[in-house]
Amino acid sequence: MIIMAETTHTAAITPKPKPKPVASSASGFEMPKFEMPKFEMPKMEVPTAFREIAEKGITQAKENYEKIKSATEEATDMLESTYATASKGASGYGLKLIETAKANSNAAFDLYGELLTAKSYSEVVELYTAYMRSQFETVSAQAKELADHAQKVAIETVEPIKESITSTFSKAA
(Lines give C-alpha, C1' and ligand atoms only; values in the text may rest on other atoms or scores of the structure.)
Protein backbone atom coordinates (compact mmCIF):
# COMPACT_ATOMS: atom_id res chain seq x y z
CA MET A 1 0.00 0.00 0.00
CA ILE A 2 1.40 3.24 -1.11
CA ILE A 3 0.30 6.45 0.49
CA MET A 4 0.83 9.56 -1.43
CA ALA A 5 0.92 12.84 0.30
CA GLU A 6 -0.95 15.60 -1.31
CA THR A 7 0.80 18.86 -1.58
CA THR A 8 -1.11 22.04 -1.68
CA HIS A 9 0.19 25.24 -3.04
CA THR A 10 -1.22 28.40 -1.59
CA ALA A 11 -0.57 31.34 -3.72
CA ALA A 12 -1.09 34.79 -2.37
CA ILE A 13 -4.35 35.95 -3.83
CA THR A 14 -4.53 39.68 -4.26
CA PRO A 15 -7.87 41.26 -4.97
CA LYS A 16 -8.08 42.90 -8.33
CA PRO A 17 -9.07 46.54 -8.23
CA LYS A 18 -12.53 47.20 -9.52
CA PRO A 19 -12.67 49.37 -12.55
CA LYS A 20 -14.22 52.79 -12.02
CA PRO A 21 -17.53 53.27 -13.77
CA VAL A 22 -17.19 55.35 -16.85
CA ALA A 23 -19.93 57.81 -17.65
CA SER A 24 -21.50 56.40 -20.68
CA SER A 25 -23.29 58.73 -22.86
CA ALA A 26 -25.11 57.19 -25.66
CA SER A 27 -25.93 60.57 -27.09
CA GLY A 28 -22.59 62.10 -26.22
CA PHE A 29 -24.18 64.44 -23.61
CA GLU A 30 -22.67 64.74 -20.16
CA MET A 31 -24.30 66.43 -17.18
CA PRO A 32 -22.57 69.61 -16.16
CA LYS A 33 -21.18 69.60 -12.63
CA PHE A 34 -22.42 72.31 -10.27
CA GLU A 35 -21.17 73.52 -6.98
CA MET A 36 -23.76 74.68 -4.52
CA PRO A 37 -23.35 78.38 -3.80
CA LYS A 38 -22.63 79.21 -0.19
CA PHE A 39 -24.84 81.84 1.35
CA GLU A 40 -23.13 83.34 4.29
CA MET A 41 -25.04 85.37 6.78
CA PRO A 42 -23.49 88.66 7.56
CA LYS A 43 -21.99 88.62 11.00
CA MET A 44 -23.61 91.17 13.19
CA GLU A 45 -23.90 91.43 16.90
CA VAL A 46 -27.29 91.19 18.59
CA PRO A 47 -28.00 94.40 20.48
CA THR A 48 -27.78 94.16 24.26
CA ALA A 49 -31.41 95.23 24.70
CA PHE A 50 -32.65 92.34 22.55
CA ARG A 51 -30.41 89.90 24.41
CA GLU A 52 -31.76 91.11 27.77
CA ILE A 53 -35.36 90.82 26.57
CA ALA A 54 -34.71 87.27 25.34
CA GLU A 55 -33.06 86.29 28.63
CA LYS A 56 -35.95 87.75 30.63
CA GLY A 57 -38.42 85.91 28.42
CA ILE A 58 -36.60 82.61 28.93
CA THR A 59 -36.41 83.17 32.69
CA GLN A 60 -40.10 84.02 32.88
CA ALA A 61 -41.02 81.00 30.74
CA LYS A 62 -39.04 78.73 33.09
CA GLU A 63 -40.75 80.24 36.15
CA ASN A 64 -44.19 79.85 34.55
CA TYR A 65 -43.38 76.25 33.61
CA GLU A 66 -42.42 75.47 37.21
CA LYS A 67 -45.65 77.08 38.49
CA ILE A 68 -47.76 75.12 36.01
CA LYS A 69 -45.90 71.91 36.81
CA SER A 70 -46.45 72.44 40.54
CA ALA A 71 -50.14 73.25 40.05
CA THR A 72 -50.58 70.17 37.85
CA GLU A 73 -48.95 67.92 40.44
CA GLU A 74 -51.17 69.38 43.17
CA ALA A 75 -54.26 68.88 41.01
CA THR A 76 -53.26 65.28 40.30
CA ASP A 77 -52.75 64.57 44.00
CA MET A 78 -56.08 66.20 44.82
CA LEU A 79 -57.90 64.16 42.16
CA GLU A 80 -56.34 60.93 43.41
CA SER A 81 -57.38 61.77 46.97
CA THR A 82 -60.88 62.75 45.83
CA TYR A 83 -61.26 59.54 43.84
CA ALA A 84 -60.15 57.46 46.84
CA THR A 85 -62.63 59.30 49.09
CA ALA A 86 -65.48 58.91 46.61
CA SER A 87 -64.67 55.24 46.06
CA LYS A 88 -64.56 54.56 49.80
CA GLY A 89 -67.83 56.46 50.31
CA ALA A 90 -69.59 54.64 47.48
CA SER A 91 -68.40 51.33 48.88
CA GLY A 92 -69.71 52.27 52.34
CA TYR A 93 -73.03 53.34 50.83
CA GLY A 94 -73.31 50.03 48.99
CA LEU A 95 -72.63 48.14 52.20
CA LYS A 96 -75.34 50.13 54.01
CA LEU A 97 -77.79 49.30 51.20
CA ILE A 98 -76.99 45.60 51.53
CA GLU A 99 -77.37 45.80 55.31
CA THR A 100 -80.73 47.56 54.91
CA ALA A 101 -81.96 45.02 52.37
CA LYS A 102 -80.91 42.17 54.66
CA ALA A 103 -82.75 43.67 57.65
CA ASN A 104 -85.90 44.23 55.58
CA SER A 105 -85.78 40.70 54.13
CA ASN A 106 -85.33 39.19 57.58
CA ALA A 107 -88.30 41.18 58.88
CA ALA A 108 -90.44 40.01 55.95
CA PHE A 109 -89.49 36.35 56.51
CA ASP A 110 -90.25 36.71 60.22
CA LEU A 111 -93.69 38.09 59.31
CA TYR A 112 -94.38 35.21 56.92
CA GLY A 113 -93.37 32.71 59.60
CA GLU A 114 -95.77 34.35 62.06
CA LEU A 115 -98.54 34.49 59.46
CA LEU A 116 -98.21 30.74 58.84
CA THR A 117 -98.78 30.04 62.53
CA ALA A 118 -101.71 32.46 62.88
CA LYS A 119 -104.92 30.81 64.09
CA SER A 120 -107.44 33.34 62.81
CA TYR A 121 -107.95 35.95 60.14
CA SER A 122 -108.04 38.70 62.75
CA GLU A 123 -104.62 37.58 64.02
CA VAL A 124 -103.27 37.74 60.43
CA VAL A 125 -104.58 41.31 60.05
CA GLU A 126 -103.16 42.28 63.43
CA LEU A 127 -99.70 40.81 62.63
CA TYR A 128 -99.65 42.39 59.17
CA THR A 129 -100.71 45.82 60.49
CA ALA A 130 -98.06 45.73 63.22
CA TYR A 131 -95.45 44.71 60.60
CA MET A 132 -96.43 47.57 58.28
CA ARG A 133 -96.21 50.16 61.10
CA SER A 134 -92.85 48.81 62.16
CA GLN A 135 -91.56 48.71 58.59
CA PHE A 136 -92.74 52.26 57.89
CA GLU A 137 -90.69 53.51 60.84
CA THR A 138 -87.74 51.29 59.95
CA VAL A 139 -87.70 52.27 56.27
CA SER A 140 -88.00 55.97 57.21
CA ALA A 141 -85.00 55.64 59.56
CA GLN A 142 -83.04 53.68 56.94
CA ALA A 143 -83.77 56.27 54.25
CA LYS A 144 -82.63 59.08 56.56
CA GLU A 145 -79.46 57.16 57.42
CA LEU A 146 -78.69 56.51 53.74
CA ALA A 147 -79.34 60.16 52.83
CA ASP A 148 -77.07 61.34 55.65
CA HIS A 149 -74.36 58.96 54.51
CA ALA A 150 -74.68 60.09 50.88
CA GLN A 151 -74.51 63.75 51.94
CA LYS A 152 -71.44 63.09 54.08
CA VAL A 153 -69.69 61.33 51.18
CA ALA A 154 -70.58 64.16 48.79
CA ILE A 155 -69.19 66.78 51.17
CA GLU A 156 -66.01 64.77 51.83
CA THR A 157 -65.55 64.35 48.08
CA VAL A 158 -66.26 67.92 46.99
CA GLU A 159 -64.51 69.77 49.82
CA PRO A 160 -60.92 68.98 48.67
CA ILE A 161 -61.79 70.07 45.13
CA LYS A 162 -63.26 73.33 46.42
CA GLU A 163 -60.21 74.00 48.60
CA SER A 164 -57.83 73.17 45.76
CA ILE A 165 -59.56 75.50 43.32
CA THR A 166 -59.61 78.31 45.89
CA SER A 167 -55.92 77.74 46.64
CA THR A 168 -54.98 77.65 42.95
CA PHE A 169 -56.79 80.90 42.18
CA SER A 170 -55.26 82.63 45.19
CA LYS A 171 -51.76 81.57 44.03
CA ALA A 172 -52.43 82.74 40.50
CA ALA A 173 -53.63 86.16 41.65
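Given the residues SER81, SER170, which is the only one that is surrounded by 11 or more Cβ atoms within 10 Å (Cβ to Cβ), in a helix (DSSP H, G or I), of a type in the set (Ser, Thr, Tyr) and modelled with pLDDT under 95?
SER81
Of all residues in the range 92-101, which are of a type outside the set (Val, Ile, Thr) and either closer than 15 Å to ASP148 by Cα or touching a Gly at 6+ places or on another chain (Cβ under 7 Å) (or both)?
Within the range 92-101, GLY92, TYR93, GLY94, LEU95, LYS96, LEU97 meet the criteria.
Are any of the residues in the range 85-94 modelled with pLDDT under 90, part of a helix (DSSP H, G or I), touching a helix residue (DSSP H, G or I) at 6+ places or on another chain (Cβ under 6 Å) and polar (S, T, N, Q)?
There is at least one residue in the range 85-94 that is modelled with pLDDT under 90, part of a helix (DSSP H, G or I), touching a helix residue (DSSP H, G or I) at 6+ places or on another chain (Cβ under 6 Å) and polar (S, T, N, Q).
Which ones in the range 41-59 are of a type outside the set (Gly, Ala, Ser) and either surrounded by 10 or more Cβ atoms within 10 Å (Cβ to Cβ) or in a helix (DSSP H, G or I) (or both)?
Hits for the range 41-59 are THR48, PHE50, ARG51, GLU52, ILE53, GLU55, LYS56, ILE58, THR59.
For residues that are among the charged types (D, E, K, R) and part of a helix (DSSP H, G or I), scanning just the range 104-144, find the one that is surrounded by the most Cβ atoms within 10 Å (Cβ to Cβ).
If we take residues in the range 104-144 being among the charged types (D, E, K, R) and part of a helix (DSSP H, G or I), then GLU114 is surrounded by the most Cβ atoms within 10 Å (Cβ to Cβ).
The values are calculated or read from the model by the stated rules, or taken from the named source; none is laboratory data. None of the values given here were measured: they were computed from a predicted structure. Backbone-built Cβ (ideal geometry, glycine too); neighbour counts: all protein chains shown.
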